[in-house]
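Student: The structure's right below; bear with me while I get my questions together.
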Amino acid sequence: QEKLDMSMYPVESIRNFSIIAHVDHGKSTLADRLLEITGTISKTDRNKQVLDKLQVERERGITVKAQSASLFYNHEGINYLLNLIDTPGHVDFSYEVSRSLSACQGVILVVDANEGIQAQTVANFYLAFEAQLSIIPVINKIDLKNADPERVEKQIEKLFDIPTDECIRISAKQGTNVEKVLEKVIEKIPPPQCNTADPLKALVFDSTFDHYRGVVANVALFGGEIAKGNKIVSAHTKKRYEVSEVGILTPNEQPTHKLYAGQVGYLIAGMKEVTEAQIGDTLFLYKQPVEPLPGFKSAKPMVFAGMYPVDQTEYNNLKSALERLTLNDSSVTVHRDSSLALGAGWRLGFLGLLHMEVFNQRLEQEYNMSVILTAPTVPYKAVLSSAKLIKEYGKDEITIINPAQFPDKFSVSEYLEPTVLGTIVTPHEYIGKIIALCQDRRAVQKDMLYIDENRVMLKYLFPLNEIVLDFYDALKSLSSGYASFDYEDAGYQAADLIKMDILLNGNPVEELSTIIHNDKAYATGKLLCERLKEAIPRQLFEIAIQAAIGKKIIARETLKAYRKNVVAKCYGGDITRRMKLLKRQAESKRLMRKIGNVEVPKDAFIRVLKRETDK
C-alpha cells in the first residue's frame, strides 16, 4: 500500500464530527451511506453496519464500541477531510459517547421519523450541548409507511429549541438526501482550533491490543505533527517510545507519512504492556513537554459482579485476557477478590447490566474464556459512628462493594445507597402501569412533561439497586416495547439497609449473604431459601436452610433426610417393636446432624448466585 500524504488537508478543511442517537435509530446505517458516498468503501448490498466490527455487535445488532473513520470529500472544488465517529446508543455505553465527543467539534443528532424523540436522544443531546458542539438534527427512516417527520420536527423544536427548517429528512437505508448531510456538516461544523506550528499534543481517546504489534492507540492531534521515527513521551506514565507507524482509519488502517494538527488517526509505538496506553492520556515529543489535556472523567461503575475462573488453573490466562479487554473497554474497573467457595477472582465494576453481558460475551468470543459471574450488586456507603472503626479505616465514610465487609448497625450512624435520575419517554396510554411499576421500585416522581399530544417524558429518582436487575425488561413488557429509559447518576441517599445471611444448620454461608433494603428482605430471603433447597443435594440428615437478619430468622426451608426403611423386616407383630426401631433411627439422625457439616457443591453456588433467567 502506498502511504497517503496528509499535508494536503490544512486545518481549515478538516471537520471532526460524530453521530449520536437513541438505540436503533440508524446511526451505523447512516455511517455506511456516508462511507459509500465519499468512496471510502465500495457500494455493494453487503454493506450493513460496516463499522460494527466485533462479533458481539454483529450478533446483537447493536453498537458497543465507538468506531472512527476518515472520509475524503470534494465540495465546491475544495478537498475536505471528514473524521466521523459512530457511537453506541445504549445508556450503558454513554461513556463511549462522551469520550467520542471530546475529539469532535460537532454532532449529527439522528432521530427516527417513526419513533420520534426517545430517552437516549435527550441524554445524548445534552452531552453534546454541554460540550458546546454544533448540532445538526437529522430525521431518518422517512421511507417507512408510518413515518411522521412533521411530528418529529415539532418535538425537536419543543424540546431542543432547534428551528424546524434546520432538520434534514433522510432515509439512510435507501440513501435519500444523505449528500445534504455532508454539505451541512461542512457548512455548520467549525474546523478544529489548532495549529501545525505548535508542539505536538495528542489525545489518546481509544486503544486496542494487537498480538503482534502491541498497543494500537487512536489519537486526536490538538497541535503539531507526528511521523514515523519520532520519539514521544506519555504524560501519564512518563515512558519514552519511538513511533513505528502512523495512519488514518478508513475504517481499515491506512498508513500515512505524517499526521497533522486537527487530524484523527492511529499510532503504533511499541507499547508492549497493556497498562501503558491509558485512555485520556496526552502524548508529546521528547524534550518538548506540553500542558497535558484534561483527559476524561473516569467512568463511575454502577453495577458490581464477582468474576471467577471455572477452574483455578485458568486464573493466569483469565488475568491476561481481562487486562487486554479492559484496555479496549476502559470503563470497567477491576479489583482483586477471593471467595471461599469459588477461589481467587475479581470484583468488576460495570456501567450497567447490558455492559456486563457484553463484556462477558466478548471474553468468551475473543479470548475463549468461560467464567462464573455472580449476581450483580451496587456499591453502598456507610457513615461510621464508632471511633475505633474510624481510626481503622482512616475516614468516617466507607464504600461497601462486598457484603462481607458490611459493618453492623451499632457502629454506623447511617447507611447510604446510590440513586439515579431516570428519564422515561412513553406513549401516554401506558402512564398508569409505568407509574405503578416505579412506585413498586421505591422511586420518587420528579417531573412529568408532555412532549406532544401522545408522548410523555417522566423523570424519577430511583434507588439503583431496584433498577439494576430487571427494571428495563419490566418496563419494556409493560409498554409493549414503546417506552424508552435512560438514567444518570444522582449521588447517594440515606436508606434502611440490612445484611441478610443464609444459614445451613445454623452455620452462615459467606458467599450467599446479601445487602438489601429492609422492605424487600422477606421476599428475597424466601426466594433464596427455595432456590437453595432445589440446588443442595439431600444428605443422610435433615438440613435447615434459613435466611436471617442478625439473630432473627425470616424464612426457612427444610431439606428432608434420606432414610432407610428400618421397619421393612417387621410384618405383623407388636407396634412397640416398630416404635423402638423408628426411635433408634431418629436418635442416630440427631447425632449425625450434630457432627455432619454441609458442603455446598460449587455448581449449587453457581445456580443460586447466577441471575434469575426463568422469571
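Student: Mind ordering 113-124, 494-505 by average Cβ neighbours within 10 Å, highest first?
Tutor: The peptides rank, most packed first, as 113-124, 494-505.
Student: If I take R0 = 25 Å and measure r between the Cβ atoms of M592 and I553 in this structure, what FRET efficiency does the formula 1/(1 + (r/R0)^6) give, to the nearest 0.05?
Tutor: Details: r = 23 Å, r/R0 = 0.91.
Rounded to the nearest 0.05, the efficiency is 0.65.
Student: Would you please state which residues of region 156-191 a label at S134 would reach in this model, taking the label point 7 Å out along Cα→Cβ and a backbone N cut-off of under 12 Å?
Tutor: Those under the cut-off are 183-191.
Student: Carbon and sulfur: what percent of the chain's accessible surface (1.4 Å probe)? The partial results should precede the final answer.
Tutor: On the way: 14290 of 28950 Å².
Result for the chain: 49 percent of the exposed heavy-atom area is carbon or sulfur.
Student: Cα to Cα, under 27 Å, and not fewer than 8 places away if on the same chain: which lysines meet these conditions relative to K173?
Tutor: Cross-link targets: K27, K43, K48, K53, K65, K141, K145, K154, K184, K188, K476.
Student: What does the C-alpha gyration tensor say about the overall shape of region 11-188? Classify as rounded when a/c is under 1.5, otherwise prolate if a/b is larger than b/c, or oblate.
Tutor: Values: a/c = 1.19, a/b = 1.10, b/c = 1.08.
In terms of gyration-tensor shape, rounded.
Student: Expressed as an acute angle from 0 to 90° and rounded to the nearest 10, what is the orientation of the C-alpha long axis of helix 119-130 relative to the principal long axis of the chain?
Tutor: Compared with the principal axis, the helix lies near 50 degrees.
Student: Going by amide H atoms built from the backbone, whose H comes under 5 Å of the H on A490, apart from near neighbours?
Tutor: T419, V420, L421
Student: Length gain on complete extension for the stretch S338 to E397, per 0.36 nm per residue less the alpha carbon to alpha carbon distance? Numbers along the way, then the final one.
Tutor: Working: separation 59, 0.36 × 59 = 21.24 nm, distance 2.37 nm.
Computed gain between S338 and E397 is 18.9 nm.
Student: Please report, in debye to the nearest 20, how large the charge dipole of the chain is about its Cα centre when each Lys and Arg carries +1 at its beta carbon and each Asp and Glu carries -1 there. Provide the component values of the computation, followed by the final result.
Tutor: Numbers: 78 positive and 79 negative charges, 773 e Å.
The calculation lands at about 3720 debye.
Student: At R0 = 45 Å, how high is the FRET efficiency between H257 and S386 if r is their beta carbon distance? Nearest 0.05 is fine.
Tutor: Working: r = 66 Å, r/R0 = 1.46.
Taking R0 as 45 Å, the efficiency between H257 and S386 is 0.10.
Student: Charges only on Cβ, +1 for Lys and Arg, -1 for Asp and Glu: so what's the dipole of region 303-373 about the Cα centre, in debye to the nearest 20? Numbers along the way, then the final one.
Tutor: Details: 5 positive and 8 negative charges, 38 e Å.
Here the size comes out at about 180 debye.
Student: Ranked highest first by the average count of other Cβ atoms within 10 Å around their residues, in what order do 534-544, 253-263 fall?
Tutor: Numbers: 534-544: 16.2, 253-263: 20.5.
Ranking the peptides 534-544, 253-263 by packing returns 253-263, 534-544.
Student: I need the calculated FRET efficiency for the pair K319 and Y126, taking r as the beta carbon distance and R₀ as 45 Å, to the nearest 0.05.
Tutor: Details: r = 38 Å, r/R0 = 0.85.
Taking R0 as 45 Å, the efficiency between K319 and Y126 is 0.70.
Student: Roughly how many nanometres apart are two label points built 7 Å out from the Cα toward the Cβ at A490 and E183?
Tutor: 4.5
Student: Find the accessible area per residue for region 380-495; the probe is 1.4 Å, ligands and nucleic acids are left out, and the unit is Å². Present the calculation step by step, with values, prior to reporting the outcome.
Tutor: Working: 5560 Å² over 116 residues.
Here the residues of region 380-495 average 48 Å² of exposed surface.
Student: Related question: Taking the highest mean first, how do the peptides 506-518, 344-356 order by number of other beta carbon atoms within 10 angstrom per residue? Before the final figure, lay out each step's value.
Tutor: Details: 506-518: 16.2, 344-356: 21.8.
The peptides rank, most packed first, as 344-356, 506-518.
Student: Measuring with a 1.4 Å probe in the full set of protein chains, what accessible area per residue, in whole Å², belongs to region 297-349?
Tutor: Values: 2330 Å² over 53 residues.
On a per-residue basis, region 297-349 sits at 44 Å².
Student: Using the Cα gyration tensor of region 163-224, with a ≥ b ≥ c the square roots of its eigenvalues, what is the shape: rounded (a/c below 1.5), prolate (a/b larger than b/c) or oblate (neither)? If you can, show how the numbers build up before the last one.
Tutor: Details: a/c = 3.95, a/b = 1.61, b/c = 2.45.
Verdict is oblate for region 163-224.
Student: Next question, about the same structure. Mind pulling the angle between the C-alpha long axis of helix 353-367 and the longest principal axis of the chain? Nearest 10 degrees, somewhere in 0 to 90.
Tutor: The angle comes out near 80 degrees.
Student: Determine the per residue accessible area of region 201-285 with all protein chains present and a 1.4 angstrom probe, expressed in square angstrom.
Tutor: Values: 3120 Å² over 85 residues.
With the other protein chains kept in place, region 201-285 gives 37 Å² per residue.
Student: Further question: Pairs of Cα atoms under 8 Å, at least six residues apart: use those to get the relative contact order of the chain, whole percent. Working shown, then result.
Tutor: Numbers: 1234 pairs, mean separation 58.5, N = 615.
Relative contact order, the chain: 10 percent.
Student: To continue, here is another question. Name the residue farthest towards the positive end of the dipole of the chain from the options G224, I400, M448, assuming +1 on Cβ of Lys and Arg, -1 on Cβ of Asp and Glu, about the Cα centre.
Tutor: The residue sitting most towards the positive pole is I400.
Student: So what is the 222 nm mean residue ellipticity for the chain from helices alone, if each DSSP H run of at least 4 adds -39500 (n - 2.57) and you divide by all residues, rounding to the nearest 500 deg cm²/dmol?
Tutor: Details: 15 runs with 162 residues, N = 615.
Taken over the chain, the calculation gives -8000 deg cm²/dmol.
Student: If you put +1 on each Lys and Arg Cβ and -1 on each Asp and Glu Cβ, how big is the dipole of region 227-274 around its Cα centre, in Debye rounded to 20?
Tutor: Charge dipole of region 227-274: 260 debye, to the nearest 20.
Student: OK, next. When the chain is fully extended, how far beyond the present Cα-Cα distance does I431 get from E291, taking 0.36 nm per residue of separation? It would help to have the intermediate numbers written out before the result.
Tutor: Values: separation 140, 0.36 × 140 = 50.40 nm, distance 5.14 nm.
Going from the current span to full extension adds 45.3 nm.
The values are calculated or read from the model by the stated rules, or taken from the named source; none is laboratory data. From a predicted model like this one, the values you see are computed outputs, not experimental measurements. Methodologically, a virtual Cβ is constructed for each residue, glycine included, from the backbone with ideal geometry; neighbour enumeration extends over all protein chains shown. All accessible areas refer to the heavy atoms of the entire protein, side chains included, with ligands and DNA or RNA removed. Shrake-Rupley method; radii C 1.70, N 1.55, O 1.52, S 1.80 Å.
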